[in-house]
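This report concerns only the one structure given below.
Rule-based calculations on the coordinates, nothing more; no lab input. Everything quoted here is computed from the prediction, not taken from an experiment. Note that each Cβ is placed from the backbone with ideal geometry, even for glycine, and that neighbours are counted across all protein chains shown.
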């Protein structure tokens, strides 16, 4: 689904990567900080949805925080060392496309609720069948090249 987004449409949704601290092996995650000027003061439900889709698309996310009033997003993740590696520029592009799809209402904002990463730890086994089915259906919408 991300491949279908036209680059011309993305011009209205700039995503600026303003800080990158590379990961240190498997000891310290990479840190990325983004600024989404078009998303300043958006309601929390849109930021929550954006966070959920980022977690599904990027994988290996350790922490995700947002400041809706300033339009900023902080992402900590462990990058893959083999296979399909996602570099900071790739993640910026993924976030930009997801932000566009959420804003244009091509991705639903009500499929799940954002929870702090601390609440997510160890909760996969406690997920109901309905929640797992919803997340599985959402994964079909997100295709990464």
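In plain terms, the residue of 107, 10 with the fewest other Cβ atoms within 10 Å comes first and the most crowded comes last, giving 10, 107. The largest-to-smallest principal axis extents of the Cα set in the stretch 11-98 are 36, 23, 22 Å.
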